[in-house]
Every structure is written in C-alpha cells, then in structure tokens.
Amino acid sequence: MTTSGAQGLVVSRATLDDWAVVAAWAGEEGWNPGLSDAPCFFAQDPDGFFIGRVDGEPVSSVSVVNYDADYAFLGFYLVRPDQRGRGHGLTTWKTALAHAGGRTVGLDGVVAQQHNYRQSGFEFAYRTFRYTGTAPRVEVPADVRPVEDPQTVAAYDSACCAADRPRFL
C-alpha cells in the first residue's frame, strides 16, 4: 500500500528498521514505549506500520495493528517537528486507518490531539497515567519462577485485552 500526498509525501508500509527511527522520535517527544514493543507488535501485524517520506526522508508515522477480525490499535501518530503543519500527519493517519477496515480501533492518545481524534470519529473513554522511574535491584524470591506455559500467559492477557494477542508472545 502506497499513498501519495501533498508536497511530495509518499506513505508506505514501514519496516522494523524504519520503526527504530520512529521510536527515536517518540523518545524525543517524551514518550516511553517499551524497549521490546516494536517486535511484539510487528509479530502481531507486520503490515500495520506506516511511514510517510518526503524525498525519501521519514517525516511521519502511524501504526494501526490489527489484533483480530474485530479490533485494532492505533499508535505512534507522529510528525517530525520541522514537518508539522503541512498535512503529512493527516495523510499518513488516513492511509494507516484504512488498514483497520471495519474493526473497532482503540488508541492511547495525546491530550493535545483529542480534538483531532474526535474529528476522525474517536470518543474519549478513559485517562491513562504513566509512571516512570528506575526499579531498584532486589534479590528474586525463591518461589518466583519463569512461566513455562505460554498458554497461561495468553489466557491472562485475553482476560485483560479486548482481543486475543497470541502472536505478541
């Protein structure tokens, strides 16, 4: 899937290598995605990552990861600061959102962008709080052991999420 937009923007599917650039942008914005999130989400839906380029240079991104036939999750809606205000974000957003088809789409949105999300049909559902810090090193208690049955983890995850996500594991 490739979409052309204003001012030479070309939106196409992103690779895991492309996503390292996008993750760096997220860090510059003060976001804190998990260090191993990208490979998990790519395992779930490798076609759900979109990057906009002008003259071959990355300028915008959105991920829309399809979890199953009914649910998708949108994230990483970013435009490089020097490229904002040119329509690149909206073009990338629309291209990526089409990937969800008729699925219900969730997103963890930036408060300052809520008006834009509403214009695309999203409704506010709840607030997200993020905490950061460094966990102290502690000795692992003797009764803590690794999970040996991935199906147990998948069952727990299914109880907490709107869709099954076995490929995340």
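The values are calculated or read from the model by the stated rules, or taken from the named source; none is laboratory data. No experiment lies behind these values; they were computed from the predicted model shown. With ideal geometry, Cβ positions are generated from the backbone for all residues, glycine too; neighbour counts draw on all protein chains shown. Areas reflect the complete protein model, heavy atoms only, side chains present, ligands, DNA and RNA absent. Shrake-Rupley method; radii C 1.70, N 1.55, O 1.52, S 1.80 Å.
Could you say whether any residue in segment 72-80 is of a type in the set (Gly, Ala, Ser) and touching a helix residue (DSSP H, G or I) at 6+ places or on another chain (Cβ under 6 Å)? Don't jump to the end; show me each part of the working.
Taking segment 72-80 first, the residues of a type in the set (Gly, Ala, Ser) are 72, 75.
Narrowing further to those that are touching a helix residue (DSSP H, G or I) at 6+ places or on another chain (Cβ under 6 Å): none.
Checked against the condition, which is being of a type in the set (Gly, Ala, Ser) and touching a helix residue (DSSP H, G or I) at 6+ places or on another chain (Cβ under 6 Å), segment 72-80 yields no hits at all.
As an exercise: evaluate Tyr77 against (1) under 20 Å from Phe122 (Cβ atoms); (2) open to solvent by 50 Å² or more (accessible area, probe 1.4 Å); (3) in contact with a Lys or Arg (Cβ under 9 Å, 6 or more places away or on another chain) and give the number of the one condition it does not meet.
Failed condition: (3).
List the residue pairs whose Cβ atoms are under 6 Å apart, where the first residue sits in segment 68-96 and is without any contact (Cβ under 8 Å) to a residue 40 or more places away in the chain, the second is open to solvent by 40 Å² or more (accessible area, probe 1.4 Å), and the two are 6 or more positions apart or on different chains.
Close Cβ pairs (under 6 Å, with a partner that is open to solvent by 40 Å² or more (accessible area, probe 1.4 Å)) amount to Ala72/Arg103; Leu74/Leu107.
Going through segment 39-66 one residue at a time, which ones are within 23 Å of Phe129 (Cβ to Cβ) and surrounded by fewer than 23 Cβ atoms within 10 Å (Cβ to Cβ)?
Cys40
Looking at segment 114-130, which of the residues that are open to solvent by less than 100 Å² (accessible area, probe 1.4 Å) and part of a loop (DSSP other than H, G, I, E, B) is farthest from Lys94 (Cα to Cα)?
Looking only at segment 114-130, we keep the residues that are open to solvent by less than 100 Å² (accessible area, probe 1.4 Å), and these are 114-117, 120-122, 125, 128.
Applying the additional criterion that residues be part of a loop (DSSP other than H, G, I, E, B) yields 120-122, 125, 128.
Details: Ser120: 9, Gly121: 12, Phe122: 13, Ala125: 21, Thr128: 24 Å.
Looking at the filtered set, the residue picked out is Thr128.
Could you please find all residues in segment 38-65 being β-branched (Val, Ile, Thr), within 21 Å of Gly87 (Cα to Cα) and within 10 Å of the chain's Cα centre (by Cα)? Don't jump to the end; show me each part of the working.
Keep residues of segment 38-65 that are β-branched (Val, Ile, Thr), which gives 51, 54, 59, 62, 64-65.
Right, trim to within 21 Å of Gly87 (Cα to Cα) and you get 51, 54, 59, 62, 64.
Result: Val62, Val64.
Filter segment 21-37 for residues that are within 12 Å of the chain's Cα centre (by Cα) and either buried (at least 20 other Cβ atoms within 10 Å of the Cβ) or under 17 Å from Gly89 (Cβ atoms) (or both) and give the result.
Once the filter is applied, which keeps residues that are within 12 Å of the chain's Cα centre (by Cα) and either buried (at least 20 other Cβ atoms within 10 Å of the Cβ) or under 17 Å from Gly89 (Cβ atoms) (or both), segment 21-37 yields Val22, Ala26, Trp31.
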